[in-house]
Amino acid sequence: MHLLQNLVQMTGQRDHLRLELSVLSTFLQLPHITNVRALELLKLGDQYWVRPRTWYEAGQLVAAEQDFANDAQRIPLQALPHLQACIAHKAQQAQHSDAHQHTIWLPVWMHEQVHVCIEITQSEPFNTHNLDVITGVFNVYQNYQSLLDYSERDALTDLLNRKTFDEHLLRFASAVSMQTEIQPWLAVIDIDHFKLVNDRFGHLFGDEVLILVANLLRSAFGPRHRIFRFGGEEFVVLMPPMAKESAQASLEAFRAMVARHDFPQVGQVTVSVGFAGAKLCSPVEILGQADQALYYAKEHGRNRVCHFESLQDQGLLGGSQVSHADVELF
Ligand SMILES: Nc1nc2c(ncn2[C@@H]2O[C@H](COP(=O)(O)OP(=O)(O)OP(=O)(O)O)[C@@H](O)[C@H]2O)c(=O)[nH]1
């Protein structure tokens, strides 16, 4: 009965982190289980890394507070050879036992990739009944996870939709380090004269441009970035902590990549970009700042990248543009 109640509670969650904590808490109700962790996997450079994202410690479930790259708990995937082999073979699970404990790894497969893996350790060897219950709970969790994921994505481009933006931004903003020049960034990217694309070539070709721009965004920005389609021809990228020059350089590289791309039938398409530091202030404020920089880029020739704080320091932003942010975004 306890298990059923836990499953009900688990499927009542509306965000990934709470769902993860809820599944760990469900596993902890099962007999013999001594430890459970949700591991996050990420490719940095050409190597895969793992870190515990949520785990059980001193009688409590806790979540990592650090950005993945700065997390001292991250280890190379090779350090967990059974999990590494499991992923390499696209297997559903891996097990390992030593004299004291028995561990099972259950990777969450989504679009043929693994970003999360549940690790369960128990004092007794796994038996058939025990494994049936564990995999049953895990399957409910995995199905629910993909349902949540589906509800968070834009149907046309498969990028994140706007629904979870605030939550992602909050996580990025709380990763701000003491060095103020290294900070997360928020960029608003808008396709130039997109109405003309629709008018000249029709909505189907317009849609194809949106899909291709989304693909270019995915290839330009790595897994530590979060890419959203905010609606229409507007995209938002949350960039992990870095120096302003690096943020500017990667946005410039993306802008140039779009300008170089040959869009079928349509030919050349350009984008304008505005970006601002994603400090700990309200999402509305940060979006408003990036949007003011975007507005400036649109007003000054399009196909360019503008940085809010630089424009502000140069006194190039009037007060009137703020209303654009209100109209466009809220
Ligand atoms: N094909 C397609 N068009 C869309 C979609 N969503 C919004 N649009 C169109 O995007 C166009 C946006 O046009 P505007 O906001 O006037 O901006 P613009 O023409 O890109 O001009 P600038 O932003 O000033 O460079 C409108 O024509 C919308 O109908 C979509 O999902 N598919």
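The values are calculated or read from the model by the stated rules, or taken from the named source; none is laboratory data. Computed from a predicted structure; not experimentally measured. Counting neighbours? That spans all protein chains shown, and the Cβs are built from the backbone with ideal geometry, glycine included.
Taking the listed residues Leu196, Leu204, Leu169, the one that is at pLDDT below 85 and under 30 Å from Arg302 (Cα atoms) is Leu169, with no other qualifying. Taking the numbered list (1) in a helix (DSSP H, G or I); (2) more than 21 Å from Ala173 (Cα to Cα); (3) of a type in the set (D, E, K, R) in turn, Arg302 passes all entries but (1). The helices (runs of 4 or more DSSP H) falling completely within the stretch 148-246 that include 1 or more residues that are within 16 Å of the ligand (Cβ to nearest atom) and within 15 Å of the chain's Cα centre (by Cα) map to 203-220. Name the single residue, out of those in the stretch 41-50 being within 18 Å of Leu106 (Cα to Cα) and surrounded by fewer than 19 Cβ atoms within 10 Å (Cβ to Cβ), that is nearest to the chain's Cα centre (by Cα). Selected residue: Leu42. Take the conditions of a type in the set (Phe, Trp, Tyr) and closer than 30 Å to Ala247 by Cα and apply them to Trp185. Does it pass? When the stated conditions are applied, Trp185 passes them.
Residues in the stretch 249-270: is at least one more than 20 Å from His307 (Cα to Cα) and of a type in the set (Phe, Trp, Tyr)?
Yes: the stretch 249-270 contains one or more residues that are more than 20 Å from His307 (Cα to Cα) and of a type in the set (Phe, Trp, Tyr).
Can you run down the residue pairs with Cβ atoms below 7 Å, 6 or more apart or on separate chains, where the first is in the stretch 202-221 and closer than 11 Å to Leu156 by Cα and the partner is acidic (Asp, Glu) and within 15 Å of the ligand (Cβ to nearest atom)? Matching pairs, first to second residue: Leu210/Glu233.
Only one entry in Leu212, Leu204, Leu287 is outside the structural domain of Gln47 (by TED's automatic domain parsing) and touching a His at 6+ places or on another chain (Cβ under 8 Å), namely Leu212. Note on the stretch 239-295: residues that are in contact (Cβ under 8 Å) with a residue 60 or more places away in the chain and among the acidic types (Asp, Glu) total 1. The strands (runs of 3 or more DSSP E) found entirely in the stretch 58-136 that carry 3 or more residues being in the same structural domain as Leu39 (by TED's automatic domain parsing) and within 30 Å of Gly222 (Cα to Cα) are 60-63, 102-110, 113-122.
Scanning the stretch 305-317 for residues that are in a loop (DSSP other than H, G, I, E, B) and not polar (S, T, N, Q) returns Gly315, Leu316, Leu317.
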